[in-house]
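Visitor: The structure follows.
All of the numbers you see were taken from the coordinates with simple rules; none came from a lab. Quick caveat: nothing in here was measured; it's all calculated off a predicted structure. In this analysis, Cβ positions are derived from the backbone assuming ideal geometry, glycine residues included, and neighbour counts consider all displayed protein chains.
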Amino acid sequence: MALDDMVIYVWKGVYPPSDDTFLVLDNLKLDGGELVLDIGTGTGVLAIKCALMGCYAVGIDINRVAIKNAQFNAKTNNVERSTSFLCSDATSALRDNCEFDVVIMNPPYLPSTGIPSIDDPSWNGGLNGTSLIQKVVKEVHRVLSRNGKLYFVVSSLSKYDDVFSYLRSMNLQPVIVAEKKLWFEELFLVEVRRCLTSG
């Protein structure tokens, strides 16, 4: 598929660029030169876009096929030297104090139905739709630089108030910076920064 200035191939079993992806693409603010972490990279589209904007991007996905798909797409778009892709469960494979300038996450964000035959890993965000988000925000101080930004997508169907409360308790400020209405839900792009104090 042609997307902005990219050519993105979607392999079987890999989450395709969708409305949530486009919400991030349309509202991601980068200066160029940032070190970016893309959690749940899928086809690698967000990491590749960041690389095309002059950043170095590391994409992570628990799906091995997705990692190979992302590597293929990076090569297709001539950014293999400014991207790396790692098969990992969220940030578990990263050492402490990586200090990424930007962390992006387009996670599974819909609440589970509780029926394994219906729930799909590409959208199943656990009981409240926030299981991966909660996992990452608890680790974000390990990987985010002092002046860094975390972006993630949530749905109006997910119970994200607890995530916001936890972030504030950790001296992090979440702000909804963009919205997209769909027929059955509304998507929100959240930007999180540290609450820096003077002195």
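Visitor: If the elastic network links every pair of Cα atoms under 10 Å, which of E186, E99, E80 fluctuates the most in the Gaussian network model of the chain?
Guide: Looking only at E186, E99, E80, the largest GNM fluctuation is found for E186.
Visitor: Excluding S145 itself, what net charge comes from residues whose Cβ is under 12 Å from its Cβ, given Lys and Arg +1 and Asp and Glu -1?
Guide: +2
Visitor: Also: Which of K12/K138; K29/K138; K12/K180; K75/K159; K12/K149; K68/K181 have a Cα-Cα distance over 30 Å?
Guide: Long pairs (Cα-Cα over 30 Å): K12/K138; K75/K159; K12/K149; K68/K181.
Visitor: When the helices in the chain are scored as -39500 (n - 2.57) per DSSP H run of 4 or longer and the sum is shared across all residues, what 222 nm value do you end up with, to the nearest 500 deg cm²/dmol?
Guide: It lands at -7000 deg cm²/dmol.
Visitor: Going by a ≥ b ≥ c, the root eigenvalues of the Cα gyration tensor, does the stretch 1-97 fall in the rounded group (a/c under 1.5), the prolate group (a/b larger than b/c) or the oblate group?
Guide: The shape class here is rounded.
Visitor: If you don't mind, another one. Using amide H atoms built in the peptide plane, which far-off residues or other-chain residues are under 5 Å from L86 H to H?
Guide: G59, I60, D61
Visitor: Just to be sure I understand the curve: with the Debye formula and one point per C-alpha of the chain, what is log10 I(q)/I(0) at q = 0.11 Å⁻¹?
Guide: Values returned for q = 0.11 Å⁻¹ are -0.46.
Visitor: Where the centre of each part is set by its Cα atoms, how far does the stretch 150-198 sit from the stretch 33-88, in angstrom?
Guide: 23 Å
Visitor: If you don't mind, another one. Order by neighbour count: S18, S155, fewest other Cβ atoms within 10 Å first, most last.
Guide: S18, S155
Visitor: Taking the Cβ of each residue in C87, C50, C195, C55 as the centre, tally the other Cβ atoms inside 10 Å and list the residues starting with the fewest.
Guide: Ordered by Cβ neighbours within 10 Å, fewest first: C195, C87, C55, C50.
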